[in-house]
1. Defining a contact as two alpha carbons under 8 Å apart and six or more residues distant in sequence, what relative contact order in percent does the chain show?
2. What does the convex hull of the Cα atoms come to per residue for the chain, in Å³?
3. Taking 0.36 nm per residue of sequence separation and subtracting the Cα-Cα distance, how much length would be gained by fully extending the chain between A167 and E297, in nm to one decimal?
4. If the cut-off is 28 Å between C-alpha atoms, which lysines fall inside it for K300, apart from same-chain ones fewer than 8 positions away?
5. Could you give the alpha-carbon Rg of segment 90-269 over 2.2 N^0.38 Å, rounded to two decimals?
6. Could you work out Rg/(2.2 N^0.38 Å) for segment 202-246, with Rg from alpha carbons only?
7. Starting with the highest mean, order 23-30, 125-132 by the number of other Cβ atoms within 10 Å, averaged over the residues of each peptide.
8. What's the ranking of 102-113, 11-22, 61-72 by average number of surrounding C-beta atoms within 10 Å, highest first?
Amino acid sequence: MAITVLTVRPLPLPPIKARGEDINFVPLSEGAANAEVLLATGTDPVDATTIAALPETVGLIANFGVGTDNIDLEAARVRGIKVSNTPVVTEDTADLAFALILAAARRIAAADRYVRAGRWAEHVAFPLGQRVHGARLGIVGFGAIGQAVARRASGFAMKVSYWARAAKDEGTALGAAHVADLGDLVANSDIVSLHLPLNPQTRHLFDAALLGRFNPGAVLVNTGRGALIDEAALVAALEAGTIGAAGLDVFEHEPQVDPRLLTMDQVVLAPHIGSATGPCRADMGARALGNVIAFLETGKPHDRVV
């Protein structure tokens, strides 16, 4: 008898087996009374209502993504449903974060539009960017991705500081200084890069008050979660020049983006593509299916979050 795994959306999944049986992937909208797993992507909301409606046989929500803020973890915990993720996005996301640092500081997207519009040929002066080499980089959140960004920063002789709940040995090894006060970190950074998970404590952590402590002209990059920043407050800070430039891969209400950001030449925008390389997505798929198989065969997914 085949094993049933529900999927929130259609996914290009290969034929796989567990317990010597085929696994059938069935859309959640069709339901299945005997389903044992729900497979979701990081952009699929799996709220308390969805979890409550799952068959009693479901014992795992396997997330195709490292973040799990799309899942009501407490509702899963109450139901006794395990949750797993795919923590294999570190290097690709760090690559994108550093690309956004360079693009925002050096105004690459604006320069591209300037050339395409023929303004270079018209001898219209292009605004100066900011130096990245030797700049002060503040990293907010010093987990695997934050540390990977710090490694890249060493090649640019950047002075790296980080904010985390406690100092880490990895910071010492990377020559990065721990700063206990977040306000002090942003006030003493030329570039700030965000690498925190989203939870009730970090939502709108970057509010108007904190954004107001940035150095004039500083660059803010976010490849974490959009709601870490109060987007309306960010727009106001950019309009006022409190923040000089921003590189954003994530947004508070994605896929909707504040239309004012779309008009700002000092802002570089990307559509949540931190993990969007072929090899990374293949790694994520393999990891997600590995968690599904491990749960079905042993009751224990490899990358359990709850």
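Coordinate-derived values only; no laboratory data. Here the structure is a predicted model, which means the values were calculated and not measured. Because the Cβ atoms are built from the backbone with ideal geometry, glycine has one as well, and the counts that use them run over all protein chains shown.
1. Working: 594 pairs, mean separation 53.6, N = 306.
About 18 percent, as a whole number.
2. Numbers: hull volume 46.1 nm³, N = 306.
In the chain, the Cα hull volume divided by residue count equals 151 Å³.
3. Working: separation 130, 0.36 × 130 = 46.80 nm, distance 3.89 nm.
Working it through step by step, the gained length comes to 42.9 nm.
4. K17, K82
5. On the way: Rg = 15.8 Å, N = 180, 2.2 N^0.38 = 15.8 Å.
Compactness ratio reported: 1.00.
6. Numbers: Rg = 9.4 Å, N = 45, 2.2 N^0.38 = 9.3 Å.
Ratio of Rg to 2.2 N^0.38 Å for segment 202-246: 1.01.
7. Values: 23-30: 14.5, 125-132: 12.9.
Order by mean packing, descending: 23-30, 125-132.
8. Numbers: 102-113: 18.3, 11-22: 11.2, 61-72: 23.1.
Top of the packing list down: 61-72, 102-113, 11-22.
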